[in-house]
1. Out of everything in segment 62-72 that is surrounded by fewer than 17 Cβ atoms within 10 Å (Cβ to Cβ) and under 33 Å from the mean Cα position of the chain (by Cα), what residue ends up being nearest to residue 561 (Cα to Cα)?
2. Starting from segment 541-564, take each residue that is over 19 Å from residue 142 (Cβ atoms) and list its partners that are part of a loop (DSSP other than H, G, I, E, B) and at pLDDT 85 or above, counting only C-beta distances under 6 angstrom and pairs at least six apart or across chains.
3. Looking at (1) modelled with pLDDT of 85 or more; (2) in contact with a helix residue (DSSP H, G or I) (Cβ under 7 Å, 6 or more places away or on another chain); (3) part of a helix (DSSP H, G or I), find the lone condition where residue 396 falls short.
4. Just checking: which of the helices (runs of 4 or more DSSP H) contained wholly in segment 522-586 hold 1 or more residues that are modelled with pLDDT of 85 or more?
């Protein structure tokens, strides 16, 4: 065999050892290189997904006007990628070494990633609903690009016209016959009893009960009541004019705040205001909005708080404004602001809107169910009636006190009320009668929306209808014995507790009835929130955004809580399955 290291035997032995060493095999070497490339490819794609995900959650734009390599601003997406790379050498290396045709940073890739996320969110919602009954809430609005957009909200209890809505529902495998309610904002083309959308859907699904959005009904009741009383209608016009004139420019706004700061200092010095951290903030006047009735309360309360400061600004403007038009507008606004009638209605509106605001806010909560809503409506009506029956003396006392504090003249309440030269003037009507009967009582004579009891004939068989009363009797006696079911205040809590305690199995018909009531829509506020989200996502600078991209962006922005739970590896795997890719991801 010999001792020569280059002998045939020794060479053969070294070749054998090398052959048995798996780490040196070309297959292993190629596999190692492939694994490293796959890891780099996934890291590169993961970085792009992270950026898409972050921008979607924040409702931000992706692309820039000039995304070339020499541009000073390549757009949000590419600029954030560069920022992330500057903090991580591995990310920087994989981005720099990316193949020119597989960098996965283009706008097409961004849309694909967003679409994958949006589809996953829709699938989660679809699986969560399953075969449960649900309600549809529909509304439409014109977006930034003057295009009509429709929002379709599904309301359920968890574990373009009729054709457009049905197509959307069928696209995601929803059974149309499971619709148990529909809610719109009250537009005639939506709620029409004979030719509206609700009628068309009822033709195909008889038990899709229609509920007029309570929030819109309440707003309509308040608006109609305001318009029917001439003085109140004029008050809101004057209120809008006063706020607009007093804070029309940044200069006037600054002057108004300075005047308010001086007023606060004066009141503190005479012990009319308490002091403390967070107290006596200056604030500003709030403009009343046409579509948000609750904003009128903010406008009324802000003017009451800043009344003297506003008077000072308007008085200065009517004497020192640069042209006759501004002086004339300020003069009229000042006179209306200092009139007793305006002050009186200002205090009436504070009381009435303060009572109805709680209901306005409650109707916009997602968790609000129809039984709580009925209770709130009745409570609100009782409070308004109580104000009408017992609140006059206290109200008049507050108005007169306010006039004395603000150095305003107030009329003799027992004097005869005179209406200019009107031939229709009432005989022997006192000033007190005019304000108490013609304004105070008259405005409080409106009715807040009522709702009739809804039945579910198609959801219960005749046998179940006969069993339900007896099941309810057992349930009524049994529920008080269970400690977890005693202190429940809402139907949603009751539904959840029935499942957790196992009572939903013992009383299936009761559980079914509760779930049907819970899905009945109270208002269309959810669709309004969807449109608010759209205003954030589709801005003036993004007015040309494509419909599919907009839909996916809105799904991600609105359902952030669902999307943020997705595993990144699963998103990458979904991306690789959509079509053949130029590089390997697994």
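The values are calculated or read from the model by the stated rules, or taken from the named source; none is laboratory data. Source: prediction; values computed, not measured. All Cβ positions, glycine included, derive from the backbone under ideal geometry; neighbour counts span all protein chains shown.
1. First, the residues of segment 62-72 that are surrounded by fewer than 17 Cβ atoms within 10 Å (Cβ to Cβ): 63-72.
Remaining after also requiring under 33 Å from the mean Cα position of the chain (by Cα): 63-65.
Numbers: 63: 25, 64: 28, 65: 31 Å.
Out of the qualifying residues, it is 63.
2. 557/59
3. (2)
4. On the way: elements: 525-537, 547-558, 560-563, 568-578.
Once the helices (runs of 4 or more DSSP H) in segment 522-586 are filtered for at least 1 residues that are modelled with pLDDT of 85 or more, what remains is 547-558, 560-563, 568-578.
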